[in-house]
1. Please work out which residue is most open to solvent (accessible area, probe 1.4 Å), limiting yourself to segment 1-20 and to residues that are at pLDDT 85 or above and assigned to a loop (DSSP other than H, G, I, E, B).
2. So which residues in segment 1-29 are in contact (Cβ under 8 Å) with a residue 24 or more places away in the chain and more than 21 Å from Thr45 (Cβ to Cβ)?
3. Check whether at least one residue in segment 39-46 is without any contact (Cβ under 8 Å) to a residue 40 or more places away in the chain and surrounded by 10 or more Cβ atoms within 10 Å (Cβ to Cβ), and report yes or no.
Amino acid sequence: TQVFARVQGRDMTCVFRERISAQPGETIRIQPDPALVHLFDKETTRRLN
């Protein structure tokens, strides 16, 4: 499942292995596992970690 979100005014794209049962515009709470998070540079699109 791919979720497009806005967090503190910034756009974020989240990808989940599990299915998320949310509707467009609905607020969901997520807590990422730092060991599984991948961060990318917006300009170069290269992975930062």
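The values are calculated or read from the model by the stated rules, or taken from the named source; none is laboratory data. Given the structure is predicted, the values throughout are model-derived calculations rather than measurements. Backbone-built Cβ (ideal geometry, glycine too); neighbour counts: all protein chains shown. All accessible areas refer to the heavy atoms of the entire protein, side chains included, with ligands and DNA or RNA removed. Shrake-Rupley method; radii C 1.70, N 1.55, O 1.52, S 1.80 Å.
1. Ranking the candidates gives Arg17 first.
2. Ile28
3. Step one: list which residues in segment 39-46 are without any contact (Cβ under 8 Å) to a residue 40 or more places away in the chain, which gives 39-46.
After this cut, where a residue has to be surrounded by 10 or more Cβ atoms within 10 Å (Cβ to Cβ) as well, the list is 40.
Among the residues of segment 39-46, at least one is without any contact (Cβ under 8 Å) to a residue 40 or more places away in the chain and surrounded by 10 or more Cβ atoms within 10 Å (Cβ to Cβ), which makes the answer yes.
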